[in-house]
1. Out of all the residues in region B:275-289, is one or more surrounded by fewer than 20 Cβ atoms within 10 Å (Cβ to Cβ) and modelled with pLDDT under 85?
2. Taking region D:17-47 as the search range and keeping residues that are surrounded by 14 or more Cβ atoms within 10 Å (Cβ to Cβ) and away from every other protein chain (no Cβ under 14 Å), which one is modelled with the highest pLDDT?
3. Every residue in region B:52-69 that is hydrophobic (A, V, I, L, M, F, W, C), more than 14 Å from the chain's Cα centre (by Cα) and in a helix (DSSP H, G or I), please.
4. Among the residues of region B:246-261, write down those that are in contact with a helix residue (DSSP H, G or I) (Cβ under 6 Å, 6 or more places away or on another chain) and crowded, with 24+ Cβ neighbours inside 10 Å.
5. Quick test of your reading of the structure: D:Leu75 fulfils all but one of (1) in a helix (DSSP H, G or I); (2) touching a Ser or Thr at 6+ places or on another chain (Cβ under 8 Å). Name the failing condition by number.
6. Which one is modelled with the lowest pLDDT, of the residues in region D:209-229 that are crowded, with 23+ Cβ neighbours inside 10 Å and more than 7 Å from chain A (Cβ to nearest Cβ)?
7. Report whether or not D:Ile328 is out of contact with any strand residue (DSSP E or B) (no Cβ under 9 Å at 6 or more places or on another chain), within 14 Å of chain B (Cβ to nearest Cβ) and in contact (Cβ under 8 Å) with a residue 12 or more places away in the chain.
Amino acid sequence: MRAPDDTEIKAGQTLLSVEGVSLSFGGVKAIRNVSFDIKKGEIRAIIGPNGAGKTSMLNQITFKGVKRKKMRPHDAATGGIARTFQNVALFKSMTTLDNIMAGRTLRMNKNLFWQLLRFGPAEREEIEHRRKVEEIIDFLEIQHIRRVPVGRLPYGLQKRVELGRALAMEPELLLLDEPMAGMNLEEKEDMCRYVIDVNNHYGTTIALIEHDMGVVMDLANRVVVLDYGQKIADGTPDEVKANKAVIDAYLGVAH
Amino acid sequence: MLCVKPYNWACKIFIIPFWEMWELPDIFVQTLWEGLVGGTLYSLIALGFVLVFKASGVFNFAQGIMVVFAALSLVGLHAIGVPAFLALALAAVIMLVLAISVERIVLRPLVNQPDIILFMATFGLTYFLIGFGELIFGGDPKLMITKQLYIPTGTYSIDFAGGRVELQKLDITAMVVASTMVAVLAVFFSKTRIGRALRAVADSHKAALSVGISLNQIWVIVWFAAGLVALVTGIMWGARSEVSFALEIIALKALPVLILGGFTSIPGAIVGGLIIGIGEKVGEIYWGPLFGRGIESWLAYMIALIFLLFRPQGLFGEKIIERV
Amino acid sequence: MRMKGLLVGAVLAATAVTPAFVSNASAQDSIYVPLFSYRTGPFANSGIPIANGMADYLNMLNERDGGINGVKLNVEECETGYNTEKGVACYESTKAKNPVVTNPYSTGITLQLIPRASVDKIPVLSMAYGLSASAVGQSFPWVFNPPATYWDGLSMIMKYIAEKEGGFEKLKGKTIGYIFFDGGYGREPLPLLEIFAKKYGFETKLYPVPPAEMQNQSGQWLNVRKDKPDWMIMWGWGAMNPTAVKEAARIKFPMDKFVGIWWSGGDDDARPAGDDAKGYLTLNFNGVGAQYPAVQDIIKHVVAKGKSQTQADKVGENLYNRGIYNSVLIAEGIRNAQKITGKKVITGEDMRRGLESLTITQARWKELGLEGFGAPITAVNCTDHNGHHAAYMQQWNGKNWVKITDWISPMKEEVRPLLEAAASDYVTKNAGWPKRTESCDRPS
Amino acid sequence: MFYREAGQFKTTYRGDMTVFPILQDRIGIIVILVVAFSIPLFSSNFMLHAIMIPFLIFALAAIGLNILTGYTGLLSLGTGGFMGVGAYACYKLATVFPEVHILIWVVVSGFASAAVGILFGLPSLRIKGFYLAVATLASQFFLSWCFIRIPWLVNYNVSNAIEVPRRTLFGVHVTGPEATPQARYLVVLTIVVVMTWLASNLVRGRIGRMWMAVRDMDIAAELMGIKLLNTKLLAFAVSSFYCGVAGAMLVFLYYGSAEATAFSINQSFAVLSMVIIGGLGSLLGSFMGAALIFMLPIMLPQLMAAMGLPIQSATAEHISFMIIGALIVFFLIVEPHGLARLWQIAKQKLRVWPYPY
């Protein structure tokens, strides 16, 4: 599959739309009445300075949802949304392989009885999914750490495994929360490549949170800019780059 | 007489107990008093747990055996001819030695291990202290040296509503000592430098280390404080029945108090203890007959469990916030 | 890191090597008598004096007489901690050395051993504890529980109460409270208590004490205060006893109306309450005090030579003497078995016969240097492994136990049918329970 | 040198997914099984009855608790109660339906335990960590109370105890006093081996991954589409099932008769220490922990006697308490992840031997 180009995205169908979301913790308003949409097949970035409410926004999408008033996390998964976390949320004592296999949970359905016996259906199912997982492992080039508990891996690799786990869910929409945070340049470049490859290869729609502007401008088809919980800009990277409010927010003009 | 056939059960649950409270107010007041005293003693044991948990994150299973060990040391020293108050001081010294040993031998090598490992280590400590205590003092029960410590015995009988309410002098002493203990600890932890350091450690080990507070010292201090609390608890429980290893089982009663009050809250331990103490006595006396009595062994846990379902972090525990 | 590897090796090696030590049969020129005891755990306060008394009497026989009829007794204690798993381990480790009798000293361990006794051919002597129904010799040829069962005990207590009230008919309308260890032991007397209540028209109030709450009885005693029973009966053990006595004193329950079973009558049970315990009553079937010549012999041959674990001043206390009583039964059983079989070194099977025809007459008690120490054992036979012997009431005077009644005999006519019923119930529930095939010896 | 995986390549996923991918391990386990099944031929009754049988039963209970605490991260102090439910359920079933073979009831009684486990597992959705541990104590004390107070459970026995009927399998006594330790040992061993194999299948598959995911990071697990409550309750159910079967075996194949005190809180603590000493999240560790915690107190007095230390049995008991306590602390310090991790490290050493790395 080929990633759609910009004009196709504009015309394409909306995968998810966020309308008038607000969120407050105690008296602090983290998000104020933000609306935007994500279209099928695009890479959509949400950016903003520290504390702008990006992660809160993402949590709202996965945990609370839109239109469905009370969406439980489990429903997000069945609804085809997968995500990675700002602070890696891997299953630390499990191996890379098990972590990514865990991403297949929803797609496996052999019951307790077969699981206990393991011979037959459960084993066939396990092998079938193992094949899928090995494809992802090959794709992310993490074959050598297959059997290593992820807790012992360096940060960069952990991020990659987390991406792998999210991919294993074969999501329609992939939410990446600062996938490049804390990485060195080389690792960042690798990660960028994987994000683009995922978008190209699997045709997955990606929503990306990042505050490294350079990365975002290269990757994203469209960008939403948040500041103090409010949307201050929305458009293609070039449009956003030219937006005065964005420049102010990033350069720190007094409000 | 009050209960008619179809509503028999409902009546026994909702009417009879209250009617009994009304009919025999002296018994009711006595029940509340017994609950209060029992609760205070539970609070004392729970306090020992809280001190250690707050400062070192260790769920100290050995608190119960420390109670026995402290009391045995006191009685044992007195038995070989040490004067009572000197024995008391020496028992406190023994608890200090215990605290230092525990810190050196158990806690220091296990620093930064998961909670459950530390919990298990205190479990090992419990076994060790049982064996050690029985080896030195013997497994037979001892009499608490109540008289020698000038702990008053006897009863105040107060006429009340046509009956009498009996207040044991021993229990009153227990209440006073427990309250004093709590007050002293509260002042110690809020006013002194060490106390502030301890709170810093409770908030964050790393933060405490970065401002130069010695974790090891703090641990010795809290374990010693827990040891002192254990000593006081041991004296009080010992005076109520006797000093024997069976006392260790009683210490389990502090656990529902802990989940009710929160593992990290001193006021929680106190209020929790009182709720559990009064709750289980009132429950046993007025609703116990429905179950054939003797329900105290689990009633406290059930009370705590019900509270817990509404407040998972306990009454005074800090709200648990998980970040991803 | 190397250390960890070594450690694993060491543990595995230790596990592999240990069994080699375990199985060694002893040479058969002595009689092997294992004593299960518990000097640790929550019941140690009752267990320690009994264990001392048992061991000291048998050791005294060795020291003074060179054993029984010239055969040394090989006395060995095994610590159970009142714990069933340890009990199994003790039983298995002693079984290999051909014991003549097992004294389980825990209801849980006794219940386990009852079915195994007939298979392993080792009689179980559970002296006035364990399964009351095992008094029926036809169903339980290998189990002995003299001198009396718990039901006998209850009936004797009822007799005492009736006497004090001025006859059984005076019990009508009275309230009798029963505070008990909430387990098999404490619950066993309940059916008989109900029968008595119905028959004599008194009301019963029950106060169970959960095992974990033995030292926390204020709730139970508050209920006692609320219910105002005329008498209290107690089936307690271990740390439950002294706590109950103290609590009774606290609520000012009249102590001379508070009666315990024989297992609630330790000196350490009453002593903690001090003067407040004055008047507290318990049933007893052994004499107290060190004035008996045999006890003096123990002091001379065992305690003074430092061969005992007891403190000298505890010799002669009630539970210590209870241990002596138990050992007298063992020793007399052995002696009787030697007499019947003509063998010097007897086996478990011989011991069974010895116990089944055991008699200790008043004269024999005197010969043993224990005049008046116990009621004559006259009624143990093939059908009756208990004998339903008499006990007496003793009262705490603030320092010692004082015998205050003559021997009270149990209401056997009430108890025996219950026992028979319980035994046949046990046998029917345990389908395949073996029919008695053992022959019967006449009492000698 | 001899323990090498070099040269052993897997060409199928099936081959890669086996429990023991390395040949030497496979040989090892076969040797262990052969030895285990032939122990009755050369071992004393004491060894079998007092050590091996209870060791295997407690190992099974430890596996049960490990599923809950080690794999799913839910700390439980209610094991003794769940074991008791199994034992009493088995007794009721065996007396109400005596025509069905007892060994079937031993296994089926696990379901009763599982049901009770689910019931007491419900609070686990809201309560975590030590709070949950204390909450499970509620089940322990409540169940203990039920065993004593509900006479129906013991068929109205005056002695308040449950007794084991005599039953045979292929003409050989397996329960009751006539059953030889050899026969009982083989039955216990078979059940434990089969159930361990099933457990190892379970923890390696989808369900095992769900449990571990919940343990490691429950929020992320939820986003994988794992339903927390169902997963936790499943862990409670399976764990209680194992404990229940262990409890039933404890009474029917080991004790021979039991009172409610056999399933007291001490049993819960003992099993928990087995799991932690052995290694959380390791089936092998459950066996090692059971070996250490159960065998040590039984064997220490024997060992001391064998070494000719002339001490009183009570003193030996006190010292063995001290040694157990010290050993627990010692093992935790040497390797907090339990004996199973020690074993792994030892294997790793063997793999590279004679070179240090």
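The values are calculated or read from the model by the stated rules, or taken from the named source; none is laboratory data. Remember, it's a predicted structure, so these values are computed and weren't measured experimentally. Cβ: placed from backbone, ideal geometry, glycine included. Neighbour counts: every protein chain shown.
1. Checked region B:275-289: at least one residue is surrounded by fewer than 20 Cβ atoms within 10 Å (Cβ to Cβ) and modelled with pLDDT under 85.
2. Here the residue is D:Phe37.
3. Result: B:Ala55, B:Phe69.
4. Step one: of region B:246-261, the residues in contact with a helix residue (DSSP H, G or I) (Cβ under 6 Å, 6 or more places away or on another chain) are B:247-249, B:251, B:253-261.
Answer for region B:246-261, where residues must be in contact with a helix residue (DSSP H, G or I) (Cβ under 6 Å, 6 or more places away or on another chain) and crowded, with 24+ Cβ neighbours inside 10 Å: B:Leu247, B:Ala251, B:Lys253, B:Ala254, B:Leu255, B:Pro256, B:Val257, B:Leu258, B:Ile259, B:Leu260, B:Gly261.
5. Just one mismatch for D:Leu75, condition (1).
6. D:Ala221
7. Numbers: out of contact with any strand residue (DSSP E or B) (no Cβ under 9 Å at 6 or more places or on another chain): yes; within 14 Å of chain B (Cβ to nearest Cβ): yes; in contact (Cβ under 8 Å) with a residue 12 or more places away in the chain: yes.
Criteria met by D:Ile328.
For (1) touching a Leu at 6+ places or on another chain (Cβ under 9 Å); (2) in contact (Cβ under 8 Å) with a residue 40 or more places away in the chain; (3) assigned to a helix (DSSP H, G or I), each residue gets a yes or a no:
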| residue | (1), (2), (3) |
| --- | --- |
| C:Ile176 | yes, yes, no |
| C:Tyr185 | no, yes, yes |
| C:Leu192 | yes, yes, yes |
| C:Ile195 | yes, yes, yes |
| C:Leu206 | yes, no, no |
| C:Gln215 | yes, no, no |
| C:Gly219 | no, no, yes |
